[in-house]
Amino acid sequence: MARDDLQAVEVVRKAAPHILANEEGRLADMCAFTARLLLRWMDEHEKAPAPSVQPEPLALAQIDTLSRSFPLCMAQFHSRLRTEHHLKHAGRLLYVLFLKGAGMSVQDTGRLLLGEFKKRLSADVIARKRYMCVCPW
């Protein structure tokens, strides 16, 4: 929970007794119900540590099969890479970051891009223009 959210919860928790003492009827019932929900939610989330979810590694051999379940924009990048053997800089950056987030290793991502670029460009052009990113991301 963000710091501002915690401050807002604390304000509501401090104001609830005052509202309950001065209000009658529906507003008091809503405030009491909200205060109980907030306290229960805070107790549950403060005690339990957040689960760390690690994505399953995405293998280069699986990429064509799994690309059918990618978001539409990423599926379009993948199909364009496979058909035209090229992506513009912004598309390449977005696609590489998506693959990284999906669990593909940097080495497999590099192999995928270089393998597709070699189908369109010669090896010396790739080396001369430095098409491969050497960033450690």
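Here the label points at residue 121 and residue 10, each 7 Å from Cα along the C-beta direction, are separated by 5.5 nm in the simple model. Between 85, 97, 63, the Cα set farthest toward the positive side of the dipole of the range 60-129 (charges on each charged residue's Cβ, about the Cα centre) is that of 85.
Spin-label pair residue 41-residue 100: with each label point 7 Å from Cα along the Cα-Cβ axis, the two points sit 3.3 nm from one another.
Every number in this text was worked out from the coordinates using simple rules, so none of it is lab data. Computed from a predicted model, the values in this text were never measured in an experiment. So basically every Cβ, Gly included, is an ideal-geometry build from the backbone, and we count neighbours across all protein chains shown.
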